[in-house]
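**Student:** Here it is, the structure, as structure tokens.
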Amino acid sequence: MPIYEYECQKCKKVTEAWQSISDEPLASCPDCHGSLKKLISSSSFQLKGGGWYADGYCSASNKVKCDSGSKKSSCSSKEASSCPCAS
């Protein structure tokens, strides 16, 4: 469940709430009962590691030159999985 942040328009206090996407947004401050405004905060989600983008294509260090008429047998066994003509 995501954590949403709200700022009170009256006392300026920031409140966090665990809410489902389908839940209604909070409307009043739990301290002063002023109106709340939903804040846009930065996410802690980061893409790290290799993944399909870094590993799914031939890199500059192990590029295999394949013509449109090349066959799978032209790639070595080590390079066969990353060779663009292997499919």
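**Student:** Determine the pairs where a residue that is farther than 10 Å from Tyr6 by Cα and modelled with pLDDT of 90 or more, located within segment 17-28, has a partner that is outside any loop (DSSP other than H, G, I, E, B) and aliphatic (A, V, I, L, M) with Cβ atoms under 9 Å apart, the partner being 6 or more residues away or on another chain.
**Tutor:** Trp18/Ile3; Gln19/Ile3; Asp23/Ala17
**Student:** Can you tell me which of Val64, Val14 is at pLDDT below 90 and either surrounded by 10 or more Cβ atoms within 10 Å (Cβ to Cβ) or among the basic types (Lys, Arg) (or both)?
**Tutor:** When all the criteria are applied, what remains is Val64.
The values are calculated or read from the model by the stated rules, or taken from the named source; none is laboratory data. Every value quoted in this text rests on a predicted model; they were computed, and no experiment measured them. Cβ sites come from the backbone with ideal geometry, for glycine too, and all protein chains shown count toward neighbours.
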